[in-house]
1. Can you tell which of 8, 39 is assigned by TED's automatic domain parsing to the domain that holds residue 174, at negative phi, in a loop (DSSP other than H, G, I, E, B) and surrounded by fewer than 21 Cβ atoms within 10 Å (Cβ to Cβ)?
2. Can you list the strands (runs of 3 or more DSSP E) found entirely within the stretch 157-237 that contain at least 1 residues being without any contact (Cβ under 8 Å) to a residue 40 or more places away in the chain?
3. Please give the number of the condition residue 83 fails out of (1) touching a strand residue (DSSP E or B) at 6+ places or on another chain (Cβ under 6 Å); (2) within 28 Å of residue 130 (Cβ to Cβ); (3) not in a strand (DSSP E or B).
4. Could you go through the stretch 49-68 and let me know if any residue there is buried (at least 17 other Cβ atoms within 10 Å of the Cβ) and assigned to a helix (DSSP H, G or I).
5. Evaluate the following for residue 29: is it surrounded by 15 or more Cβ atoms within 10 Å (Cβ to Cβ), within 15 Å of residue 188 (Cα to Cα) and over 13 Å from the mean Cα position of the chain (by Cα)?
6. Could you please find all residues in the stretch 15-36 being touching a helix residue (DSSP H, G or I) at 6+ places or on another chain (Cβ under 8 Å) and in a strand (DSSP E or B)?
7. Any chance the stretch 46-58 includes a residue that's in the same structural domain as residue 207 (by TED's automatic domain parsing) and closer than 18 Å to residue 230 by Cα?
């Protein structure tokens with residue numbers, strides 16, 4: 001199985017101060033991996049560093065076998081990394097169709113295939129993104145990322161501001177994308193139980209350090225371990 005993302009002994013943060021310390025993590029093709037933990041654990045920082053938006057202090061991140069250290073974010077993205085950030089980063093004055101075409105601006109794009117996962121968007125292509133519901137905006141953010149047929153998709157807090165029933169509909173789509181396209185998915189999510197239902201494996205961070213990793217189903221069935229992990233009371237294994 002091809003390893004798309006490999007993080008080794010990563011220390012990263014801001015202004016030379018480590019927010020994440022000693023992280024080891026990998027994502028394989030066709031796999032959904034959940035990166036979990038309480039607020040401030042370092043999850044978003046890990047994704048931003050993988051995208052090249054936050055510099056590595058020490059350690060290594062390889063995307064598709066190449067180090068991201070010192071590389072421009074758009075060059076990493078061009079090779080097949082798509083990042084749906086927290087807050088979605090849509091162009092709210094533009095229409096759904098215009099957002100999708102902008103997402104596809106790099107070249108070989110497939111808007112039709114992206115819309116197949118979110119058919120409701122095909123019915124509102126002329127609606128401005130700022131007028132969409134929160135769920136529709138999240139669908140648009142993910143569809144925009146999918147237009148370039150990414151090999152690795154990172155999704156940060158898909159559920160932000162959404163009702164649980166909407167999250168229950170959207171999260172399984174990530175499982176379908178991994179299964180049908182062979183892309184790897186790295187998911188940061190506060191709805192722990194829902195994330196573990198669609199993931200193959202999970203890593204749990206607390207205070208910037210890995211405290212637990214393992215099979216998603218096994219972690220989901222061990223509530224006491226999950227609770228201890230979120231409190232930072234267990235060792236990684």
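The values are calculated or read from the model by the stated rules, or taken from the named source; none is laboratory data. Bear in mind the structure is a predicted one, so any value in this text is a computation, not a measurement. Glycine gets a Cβ as well: all are built from the backbone with ideal geometry, and neighbour counts include every protein chain shown.
1. 39
2. 209-215
3. (3)
4. Yes, because at least one residue in the stretch 49-68 is buried (at least 17 other Cβ atoms within 10 Å of the Cβ) and assigned to a helix (DSSP H, G or I).
5. Taking the combined requirement at face value, the residue does not satisfy it.
6. 19, 20, 23, 25, 32, 34, 35, 36
7. Yes; the residues of the stretch 46-58 include at least one that is in the same structural domain as residue 207 (by TED's automatic domain parsing) and closer than 18 Å to residue 230 by Cα.
Yes/no matrix, rows are residues, columns are (1) touching a residue at least 12 places away in the same chain (Cβ under 8 Å); (2) assigned by TED's automatic domain parsing to the domain that holds residue 41; (3) crowded, with 22+ Cβ neighbours inside 10 Å; (4) within 15 Å of residue 83 (Cβ to Cβ):
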residue: 112; (1), (2), (3), (4): no, no, no, no
residue: 118; (1), (2), (3), (4): yes, no, no, no
residue: 128; (1), (2), (3), (4): yes, no, no, no
residue: 133; (1), (2), (3), (4): no, no, no, no
residue: 143; (1), (2), (3), (4): yes, no, yes, yes
residue: 154; (1), (2), (3), (4): yes, yes, yes, yes
